[in-house]
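Nothing in this text is a laboratory measurement; each read-out follows from the coordinates by a stated rule. Being a predicted model, the structure only gives us computed values, none of them experimental. Here the Cβ positions follow ideal geometry from the backbone for every residue, glycine too, while neighbour counts run over all protein chains shown.
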Amino acid sequence: MTTNLLDLDLGGIAAFCGQLGEKRFRATQLFRWIHQRGVADFDQMTDLAKSLREKLKGCAHVSALPVATEQASADGTIKWLFDVGGGNAVETVFIPEDDRGTLCISSQAGCAVGCRFCSTGHQGFSRNLTTGEIVAQLWFAEHQLRQRRGSDERVISNVVMMGMGEPLQNYAALVPALRTMLDDHAYGLSRRRVTVSTSGVVPMMDRLAQDCPVALAVSLHAPSDALRDNLVPLNRKYPLQELLAACRRYLDYAPRDFITFEYCMLDGVNDQPEQARELVALVGGSAAERVPCKFNLIPFNPFPASGLLRSPNAAVTAFARALSDAGIVTTVRKTRGDDIDAACGQLAGDVRDRTRVGERMARLRTIPIVPQP
């Protein structure tokens with residue numbers, strides 16, 4: 001079996017070339033051909049020695065993921081469904097803005113966390129993606145979009161690991177993928193412009209701070225353990241005080257001086273004025289306990305299986321004002337791509353559930369969510 005070079009960061013490519021008897025500068029050349037130029041055919045890598053190209057043909061390949069479907073939204077958002085084999089498919093979303101292009105990348109086929117408001121969680125969990133499958137989403141999107149625009153200029157300036165899956169539960173594959181995204185010989189993305197979103201896997205947050213600190217977004221969604229236990233089951237393992245302590249530790253290494261807290265606005269569940277006050281107290285606290293942060297309020301994108309409703313615009317506005325009045329930077333995420341089910345929380349893909357998460361989610365849907373007083 002030959003090696004998919006998308007699975008390797010520059011250090012991995014260098015080790016691979018070393019096994020072929022080649023010097024490191026050849027690895028850098030090869031890495032640039034693959035990632036900067038988007039070339040998969042070794043014969044087109046013209047400044048590599050012919051002998052190396054022949055070696056590579058026998059032991060390596062550069063393979064993108066097969067595209068099952070592509071959908072374009074009226075607002076310019078593009079969603080690709082990639083076939084990852086075994087009856088599984090994952091979704092990747094490109095969101096164009098005037099000042100940036102953001103790619104939302106999946107890290108797992110499905111998700112085992114099982115957040116109540118997330119369509120991916122309701123699909124269940126099949127498997128982790130490989131490093132190559134994570135990188136292939138960026139590789140395909142960047143070079144496909146360049147080709148369509150007829151330009152060699154960079155299209156994707158930001159990457160958010162906010163697609164299907166919990167990235168920090170696929171840590172071994174995630175970190176080499178992040179390193180490739182950041183490498184100046186590949187995509188050269190700024191650490192500030194690569195964001196890992198997590199539901200709060202505390203030990204892996206601490207490891208990421210040491211291994212590859214990038215911007216961090218934490219899916220918070222509730223001001224109390226009682227409510228968050230229901231909305232984000234991982235909270236039962238890593239409750240809020242442990243999570244916030246991990247956020248404070250992460251900031252010692254982070255490229256940004258704040259943590260982004262994602263907060264999905266659910267009608268009558270977590271959108272009341274008293275809950276806004278609880279949030280202020282939760283992240284404010286004393287000077288020693290304060291978590292420098294910004295809140296990103298996300299209008300819920302309903303899907304039938306959730307049994308949940310989107311907060312009214314007036315409730316979202318009032319909630320945002322309460323946080324802002326307390327001195328917390330607060331934004332309301334603009335819904336993009338909802339006409340093609342590409343908005344936040346809507347990515348479902350096609351997952352063969354191996355862990356019966358889907359069955360557990362179905363049972364949970366019969367339990368009403370009652371906000372705690």
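Before moving on, here are some points about what is shown:
- Gyration tensor (alpha-carbon) shape descriptor, the range 3-61, a/c threshold 1.5: rounded
- Of the trypsin sites (Lys or Arg not before Pro) found in the range 125-209, the ones in coil according to DSSP and having at most 15 other Cβ atoms within 10 Å of their Cβ are ARG154.
- Gyration tensor verdict on the range 106-213 (Cα atoms; rounded if a/c is under 1.5, prolate if a/b is larger than b/c, oblate otherwise): oblate
- The modelled label-to-label distance between SER51 and GLU97, using points 7 Å beyond Cα along the C-beta direction, is 5.0 nm.
- A P(r) calculated from all alpha carbon pairs of the range 144-205, with 10 Å bins opening at zero, reads 20, 45, 27, 8, 1 percent.
- Think of it as helices only: each DSSP H run of n ≥ 4 in the chain is worth -39500 (n - 2.57), and spread over all residues that comes to -10500 deg cm²/dmol at 222 nm.
- Helix 202-211 and the longest principal axis of the C-alpha atoms of the chain enclose an angle of approximately 40°.
- Shown in residue order for the range 133-149 are the 3J(HN,Hα) couplings computed by the Karplus curve 6.51 cos²θ - 1.76 cosθ + 1.60 at θ = phi - 60°: 6, 6, 5, 4, 5, 6, 4, 5, 4, 4, 7, 5, 5, 4, 4, 5, 8 Hz (x for Gly and Pro).
- The alpha-carbon of LYS294 sits under 20 angstrom from the alpha-carbons of these lysines, leaving out residues fewer than 8 places away in its chain: LYS334.
- Sorting THR102, THR46 from the fewest to the most surrounding beta carbons within 10 angstrom yields THR46, THR102.
- Sorted by Cβ neighbour density within 10 Å, fewest at the top, the residues MET161, MET204: MET204, MET161
- Contact order normalised by residue count of the range 67-364, Cα under 8 Å, 6+ apart, percent: 23 percent
- For the range 3-61: relative contact order, % (alpha-carbon pairs under 8 angstrom, 6 or more apart): 36 percent
- Fewest-first ranking of VAL67, VAL160, using other Cβ atoms within 10 Å as the exposure measure: VAL67, VAL160
- Helix 50-59 and the longest principal axis of the Cα set of the chain meet at an angle near 50°.
- The range 52-141: C-alpha pair distances exceeding 24 Å, %: 31 percent
- Loop-resident GluC sites (Glu not before Pro) (DSSP state other than H, G, I, E or B) in the range 37-105 with no more than 13 further Cβ atoms inside 10 Å of their Cβ: GLU97.
- Mean separation of Cα pairs under 8 Å and 6 or more residues apart, divided by the residue count, gives the range 1-155 a relative contact order of 19 percent.
- Gained length - ALA226 relative to LYS334, 0.36 nm times residue gap less alpha-carbon distance: 36.0 nm
- Flagged links, alpha-carbon separation over 26 Å, of LYS57/LYS79; LYS23/LYS50; LYS55/LYS79: LYS57/LYS79; LYS55/LYS79
- Cα long-axis angle, helix 313-325 against the chain (0 to 90 degrees, to the nearest 10): 90 degrees
- Cα gyration tensor category, rounded, prolate or oblate, for the range 67-364 with a/c compared to 1.5: rounded
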